[in-house]
Structures are given as structure tokens and as C-alpha cells.
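Chemist: First the structure, then my questions, so here it is.
Each reported figure results from applying straightforward, stated rules to the coordinates on display, with no laboratory input. Being a predicted model, the structure only gives us computed values, none of them experimental. Cβ: placed from backbone, ideal geometry, glycine included. Neighbour counts: every protein chain shown.
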Amino acid sequence: MFRGSSFHTIDAKGRIIIPKRFRVTIKTSENNGLMISRMDNGLVAYTLSEWEKIEAKILSMAEKSDSMRRFRRVFIGGAFDCSCDRQDRILVPPTLRDYAALDRDIVIVGVLDHFEIWSRQNWDRENSFMEKDMQKEDVRNEIARLGI
């Protein structure tokens, strides 16, 4: 499982050092790699075994709406297989770096079954959205149902 967040940098070639606590999870999965795709102005990274579960769910959906076809096209079609190198780095493809506005300062955020990669600017904006959401009663009630 992926938990916590940490601040890092992405180098000029697009390489990111994966936090050690995340590398343990990646290396205990079937392969030493990740599938990375785009979502909400950031990137989502799944172990290959978790990615296969997502693909199976998407394939099993009876919903064939325009929106779902578009989602499949962008999310699955825009995904990249990224392996860890000997220095425990991953190379984020230029297409994904551009989408997520990854320039230098980044944040890696554990979200249980996957982790996300955000530019520092987009992460700060996401946090401000959450602060605003926390002011809404329905959001507070939804979180309260978790027992938090």
C-alpha cells in the first residue's frame, strides 16, 4: 500500500526517484514496474498487478457511453509502462510531464492502491480545493461516515 506524501524534484531528463517506502511495494509486486497515466492534472501510478485489475474492471463495464469511451481512450491509451532503473528512478514520458506540468518541484502522494505525481503548483491548488470542499456539509458528512 502507498501512504504519505513527499517532496521531490524531477530532473531535466524527466527522471524521478521513487521514495523507498514506495519502492518496497513496487518490488514486491510481480514486476519491478509501474503503469502511469493521467488524471485530474496529475499522474497516477499503479503497480502492474493493480493496473491489470483496473483494465479488467473497465473491460467488464457494460456502459458504452461517449464519456466512457472517451475516458478509456485517454486513460488507457495515454498510459505508459515505466520501469525502475538501477538508481530506483522512473522516467516519466514527455507527454505525461507536459500534461501534469512537471517542471522541477513535484509531490509524490500515496493513495493506498496507487500513488500520484503532482507538480508542486497543482498539488497546492488541489489542497486548496480540498479546504474549500471541507466547508461543505455534504462533504463533511461523507467523511464522517468513514469514522474520521
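Chemist: Which of Lys57/Lys136; Lys20/Lys53; Lys27/Lys136 have a Cα-Cα distance over 29 Å?
Modeler: Table pairs above 29 Å Cα-Cα are Lys57/Lys136; Lys27/Lys136.
Chemist: Same structure, new question: Residue by residue through the range 82-98, what is 3J(HN,Hα) from phi via Karplus (6.51 cos²θ - 1.76 cosθ + 1.60, θ = phi - 60°)? Round to whole Hz and write x for glycine and proline.
Modeler: 10, 9, 7, 8, 5, 9, 6, 10, 10, 9, 8, x, x, 4, 6, 4, 5
Chemist: Simple spin-label model, 7 Å along Cα-to-Cβ: Arg23 to Glu55 in nm?
Modeler: It works out to 2.7 nm between the two label points.
Chemist: If you don't mind, another one. Which whole-Hz ³J(HN,Hα) couplings does the range 99-110 yield from phi under the Karplus relation 6.51 cos²θ - 1.76 cosθ + 1.60, θ = phi - 60°, glycine and proline marked x?
Modeler: Once rounded to whole Hz, the list reads 4, 8, 6, 7, 10, 9, 7, 10, 10, 10, 10, x.
Chemist: Something else about it: Project the alpha carbons of the chain onto their principal axes and report the range along each, largest first, in whole Å.
Modeler: 48, 36, 29
Chemist: Based solely on its DSSP helices, what 222 nm [θ] is calculated for the chain when runs of n ≥ 4 H residues each add -39,500 (n - 2.57) and the sum is averaged over all residues, nearest 500 deg cm²/dmol?
Modeler: -12000 deg cm²/dmol
Chemist: Enumerate by residue number the trypsin sites (Lys or Arg not before Pro) in the range 72-148 meeting two conditions: DSSP loop (anything except H, G, I, E, B), and at most 12 other Cβ atoms within 10 Å of the site's Cβ.
Modeler: Qualifying residues, ordered by number: Arg86, Arg104, Lys136, Arg145.
Chemist: Reachable aspartates and glutamates from Lys132, Cα under 16 Å, same-chain residues fewer than 8 places away excluded?
Modeler: Asp124, Glu142
Chemist: Below 8 Å between Cα atoms, with a sequence gap of 6+, how large is the relative contact order for the range 5-119 in percent?
Modeler: This gives 41 percent for the range 5-119.
Chemist: Can you compute the charge dipole magnitude of the chain about its Cα centre, using +1 on each Lys and Arg Cβ and -1 on each Asp and Glu Cβ, nothing else charged? Give it in debye, rounded to the nearest 20.
Modeler: In total the dipole reaches around 280 debye.
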